1. Just checking, does segment 66-83 include any residue being outside any strand (DSSP E or B), surrounded by 14 or more Cβ atoms within 10 Å (Cβ to Cβ) and hydroxyl-bearing (Ser, Thr, Tyr)?
2. Considering only residues that are farther than 19 Å from Glu269 by Cα and among the hydroxyl-bearing types (Ser, Thr, Tyr), look in segment 1-43 and name the one that is least open to solvent (accessible area, probe 1.4 Å).
3. Among the residues of segment 3-28, which ones are of a type in the set (A, V, I, L, M) and either outside any strand (DSSP E or B) or within 15 Å of the chain's Cα centre (by Cα) (or both)?
4. Can you go through Ala247, Ala260 and tell me which one is open to solvent by less than 10 Å² (accessible area, probe 1.4 Å) and touching an Asp or Glu at 6+ places or on another chain (Cβ under 9 Å)?
5. What residue, of Phe262, Phe254, is within 16 Å of the chain's Cα centre (by Cα), modelled with pLDDT of 90 or more, over 27 Å from Pro182 (Cα atoms) and among the aromatic types (Phe, Trp, Tyr)?
6. Does Trp241 fit the bill of being among the aromatic types (Phe, Trp, Tyr) and under 20 Å from the mean Cα position of the chain (by Cα)?
7. Count, please, the residues in segment 153-165 that happen to be more than 10 Å from Leu133 (Cα to Cα) and more than 24 Å from the chain's Cα centre (by Cα).
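The values are calculated or read from the model by the stated rules, or taken from the named source; none is laboratory data. No experiment lies behind these values; they were computed from the predicted model shown. Note that we place each Cβ from the backbone using ideal geometry, even for glycine, and neighbour counts take in every protein chain shown. Note: accessible area is taken over every heavy atom of the protein model, side chains too, but ligands, DNA and RNA are not part of it. Shrake-Rupley method; radii C 1.70, N 1.55, O 1.52, S 1.80 Å.
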Amino acid sequence: MDETAQVLSDAVALLRRAGIRLSSGSLDAWDLVLPDGRELQTRVWVSRRPPTPTVLVRLLAQPDPVRRALMVTPRATAHLRTLATNGEIDVIAVDEDLLVLAGVRHDVTDAASAAAAPTRAARGRKPWVRWALARALLLSDTAQTQHRLAELLGVSQQAVSLALKQLQAVRRTEHGWLADSPEALLAEYLATYPGPGGAVTYWYGLDPVIAQATAAVEFCTQQGISVLVSGDAAADVYAPWRLPTRAMLYTDRFVDLTDAGFSPATEAEHTLAVQVPADPTLWRTAKINEPALLADHLITAADVLRTGGADAAEAADHVLATIRQRAVL
């Protein structure tokens, strides 16, 4: 998980530990329900290092009449703490268990405080289009024109052209682009793709994993939320191998699953993870193969590995084998 994604996920976990519900919202706009039932709409700003006074001045110079500014950062400076205490800005400092909303500091439980501090990944803008192109070429059973690839991923042909130049294991034919060596392209992708980023919420249910995934998908669909099934549940469709242990979903915005029969959980105890990804291409590459409700094979395989277990690597390899068999040679 990259650094921004880790900070966001840690912030979501901190809210939960304080008894604050993230009822809905996107990665940059959170609708919160405080322990006393009050609702708070926020505009989220993520800073991977403590924001300077100059940054805060610029942020506060752009007031939103509806949403309060919420700064999410690993640590809070004295200046940021003062602004938060005065109610001028809200703050979540994940490394310090600091949570101040509307001028009120909220206490958090110690349930997660014993966990080791997460490793911060490398910074920088992620080349989502390049990684999506690698997936698209590995998932396609025919050569793809540059125009078709741009159409598929919802980006410009210029963006596709630049990304293709950055891929080492592709070549152009008279019919379009394909993997020069599917195995090499797969290895390149697996070695560099850091995951879709974003933020994760964790839930616990009593039903079998597939039933949990089905119930969550139905609930999201009823709420008008776009959803993709990944991890063990998707692998059980692509290449059944092991008994699913946890469900994994991607949604286009945050969803509160308590009304669907789930309870909030920790990362260690969850049976269902719901991630709002920063990678905008997941739904695009999911459409390459049916059913489109499933994340593509490569995303699924990576999530099976993330779920873990003694046979996770073998289960993921069975999913990848389904695309090796039909790769364009």
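1. Scanning segment 66-83, I find at least one residue that is outside any strand (DSSP E or B), surrounded by 14 or more Cβ atoms within 10 Å (Cβ to Cβ) and hydroxyl-bearing (Ser, Thr, Tyr), so the answer is yes.
2. Thr42
3. If the condition is that a residue be of a type in the set (A, V, I, L, M) and either outside any strand (DSSP E or B) or within 15 Å of the chain's Cα centre (by Cα) (or both), then Ala5, Val7, Leu8, Ala11, Val12, Ala13, Leu14, Leu15, Ala18, Ile20, Leu27 are the ones that fit.
4. From the options Ala247, Ala260, the qualifying one is Ala247.
5. From the options Phe262, Phe254, the qualifying one is Phe254.
6. No; evaluated as a whole, the condition is false for this residue.
7. 5
Okay, residues lined up against (1) of a type in the set (Ser, Thr, Tyr); (2) closer than 26 Å to Asp252 by Cβ; (3) touching a residue at least 60 places away in the same chain (Cβ under 8 Å):
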site	(1), (2), (3)
Ser23	yes, yes, yes
Ser26	yes, yes, yes
Val33	no, yes, no
Glu39	no, yes, no
Val57	no, no, no
Pro65	no, yes, no
Arg68	no, yes, no
